Amino acid sequence: MTPPDASQPEASQPDASQPDAIASETDVLIIGGGPVGIVGALLLARAGLRVRVAEKEADIYPLPRAAHIDHEAMRVLQAAGVADEVLATTREAARYDFVNKSGDVLMRFETGQGQTLSGWPASNMIHQPSIERILRDALDRMPNAGLHTQWTFTGFTQDAAGVTAAFTTPHGNRSIRARYVLACDGANSPSRHAANIAMHDLGFDESWLVVDTIIKDASPLPDCNLQLCDPLRPTTCVQMGQGRHRWEFMLMPGDTPDTIQHPDKIAELMAPWEVDGAVDIERMAVYRFGAKLARHWRQGRILLAGDAAHLMPPFAGQGLCSGLRDVANLAWKLALVLQQGVDDALLDSYQREREPHVQAVIDLGITLGQVVCMTDPEAAAMRDAQLISQRRKNGDAAGALALPPLGNGVFRTDDAQAGNLVPQFARSDEVFGPGPCLICETPPPPDLPINYLALNDPQLEHSAAALKRWLAEQKAEAVLVRGDKYIFGVGEARDLSAAFAQAIDCKP
Ligand SMILES: Cc1cc2nc3c(=O)[nH]c(=O)nc-3n(C[C@H](O)[C@H](O)[C@H](O)COP(=O)(O)OP(=O)(O)OC[C@H]3O[C@@H](n4cnc5c(N)ncnc54)[C@H](O)[C@@H]3O)c2cc1C
C-alpha cells in the first residue's frame, strides 16, 4: 500500500471531541453528491462495495451547467444502471458548427446520427439537473449505498488502515471512517484543499452568461449546435435535453454579471435570434470559464475525481464526461483492492492513465475557446480567412471531436488494441460485468485467476457473432477487457491473463 505523501502537511483534524460525534464505517466515502460523486457511488455499489456519499446541499444544483455528453459518458451511465432513463431525456446532436457573423462556416464537426462503437449516440444533449435526479433516485435504490445531504465536509485524517472524515450536519458534528475517500466536491473542492493539493492554472479566463430556455415553438431554432464567432459578442446557441435550448453570451468590456442579467439586456442579446414567443427563459447564471488541473490526483487514501481534479472551458462539452471517465477508471481498481486484496499501488495508475487524456481534452477546450472568444476584429478577420481556406482544402472534421487515448498504465505493452475502448455489441458490457473480464473463443484453462466468458456462453447469445468477427479482425482468440471497458490487450487467453496478473501486481 502506498503511504500518505509525507511531504504533505497533515490534513485538518475532525472534532471527535464533540459529544454528538458518531463514527460509522464504510468501504468508500464520497465527498460531494454532484453527478461525478453519485455515478462513482453507483459504480462502486454495483461492484458490491459499501458506499456513503456526503453532500453539503439539501438538493441538486439547479443552475445551468452541462448540455452535452458523449457516447463514452453514456456507456459509464449504462454501467451505473441509468443509461436508458437518461437517454429518454436527451436529444441527439448531429452537427456542431463554428460560424462567423456573415454565416460562413469556419469549422464543422459532424457526428451523424446513430450508434458509435460504445453502442450509444456520439453526441447527446442533456439537462444536467434531470440527469442528476435520475442518478439520485438510482442511488436510493441501492441497499449498500447511502446519501447524506446537508453534511458539510470539514476535514480528515488518514492512517495506514483508512480515513476519518468530519462533517457538520443539521444534527451536530458527525464523522465517517472509510478505507478510501473519493473527493468529488467540485471546482472549489474543500477536500482537495484539506489534502493540500495545488492546481496548475492552464491559462484560460473568460466570463460568460448562460441562458437556458424552455421551448414553446421549435420552428425558429437552429437545428444544429452553433458557436457564433462574432468578435463584437461571441455567442453560443446549443440544443439541450428534451424541450430546452441554450444561449451563452461572452461578457464584453463594460458588462458586469449584474448588468448583463438585466431583462432589457437579455432582450437585446436574444433579439437577433428572433425567438420572441418561441422560448421562455427558465434560468441563467454567469460563469468564469477557466482551465485548471490538480498536480496530484491521489494523496494516500484520498483520490480526486471530476471538477475537483480538473476544470476546462465548456466548448468541447467534456467537463462532466471527463469526471465520469475518472470514476469509471477508479471503480474497478478500488474493487480489486478492497475485495481481492490487490496491492493498492494499482491506484497510482489512475493519474498516469487519466491525466494525459484530461490534459488533451482541456487543450482542445482551450483551442476551441480561443477560436470563439476572439474579440479583436482584425484578428477575427484573419482567423476567418485562415479557417475558411483550411476547410476548403481539408473538408470538415469527420466524426466527433477527436479524443486522445489514456496514458500508460494497466495495459499490455506492444498491443495495438490496448487502451482502446472495446466495441459494445447488443449490450455486451452488461454481460462482461463491472470487473475485468477475459472473453475467449473457447473456455480457457481452468486455473486462470480472472473472470472469463466463452463466446458460446448463452449470456452472449446476441453479441457472440459480432464479437467473433471482431476477434477475427484482430487475429486474436481472446480479448481482456478492463472494468471501464478499455481493452487491456488481445491475443491468447493464457498470455493475457498472465500479463494482466503482472500488471495489477498479483500472482498469476
Ligand atoms: C456553463 C457550463 C456548461 C458546461 N457544459 C458542459 C457540457 O456540455 N458537457 C460536459 O461534459 N460538462 C460541461 N460542464 C461541466 C460540468 O457541469 C461539470 O464538469 C460537472 O458538473 C462536474 O461534476 P462534479 O460532480 O465533479 O462537481 P459538482 O457538480 O460541482 O459537484 C460537487 C458537489 O460537491 C458538493 N460539495 C462542495 N463542498 C462540499 C463540502 N464541504 N462537503 C460536502 N459536499 C460538498 C457540492 O455541493 C456539489 O454538489 C459545464 C459547466 C458549466 C458551468
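The values are calculated or read from the model by the stated rules, or taken from the named source; none is laboratory data. The structure displayed is predicted, hence computed values, not measured ones. A quick note on method: Cβ atoms are made from the backbone with ideal geometry, for glycine too, and the neighbour counts reach across all protein chains shown.
Quick notes on this one:
- Test for residue 469: is it assigned to a helix (DSSP H, G or I) and surrounded by 15 or more Cβ atoms within 10 Å (Cβ to Cβ): no
- Any chance residue 270 is outside any loop (DSSP other than H, G, I, E, B), over 29 Å from residue 42 (Cα atoms) and more than 16 Å from the ligand (Cβ to nearest atom): yes
- Taking residues in the range 426-445 that are at positive phi, and partners anywhere that are assigned to a loop (DSSP other than H, G, I, E, B) and surrounded by fewer than 20 Cβ atoms within 10 Å (Cβ to Cβ), the pairs with Cβ atoms closer than 6 Å and at least 6 places apart or on different chains are 426/462.
- Residue tally, condition away from the ligand (no atom under 11 Å from the Cβ) and over 15 Å from residue 289 (Cα atoms), over the range 201-232: 19
- Residues within the range 87-101 that are surrounded by 23 or more Cβ atoms within 10 Å (Cβ to Cβ) and of a type in the set (Val, Ile, Thr), tallied: 1
- Of residues in the range 28-69 being within 6 Å of the ligand (Cβ to nearest atom) and either modelled with pLDDT under 95 or part of a strand (DSSP E or B) (or both), the one surrounded by the fewest Cβ atoms within 10 Å (Cβ to Cβ): 64
- Checked against the criterion of being of a type in the set (A, V, I, L, M) and over 30 Å from residue 248 (Cβ atoms), the candidates 345, 267 yield just one match: 345.
Per-residue answers, yes or no, for (1) under 17 Å from the mean Cα position of the chain (by Cα); (2) assigned by TED's automatic domain parsing to the domain that holds residue 177; (3) more than 24 Å from residue 167 (Cβ to Cβ):
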{"site": "39", "(1), (2), (3)": "yes, yes, no"}
{"site": "50", "(1), (2), (3)": "no, yes, no"}
{"site": "56", "(1), (2), (3)": "no, yes, no"}
{"site": "65", "(1), (2), (3)": "yes, yes, yes"}
{"site": "77", "(1), (2), (3)": "yes, yes, yes"}
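- The range 377-430, subset surrounded by fewer than 17 Cβ atoms within 10 Å (Cβ to Cβ) and of a type in the set (Asp, Glu), residue nearest to residue 334 (Cα to Cα): 430
- When residues of the range 110-162 are limited to those that are within 14 Å of the ligand (Cβ to nearest atom) and of a type in the set (Phe, Trp, Tyr), the one farthest from residue 317 (Cα to Cα): 156
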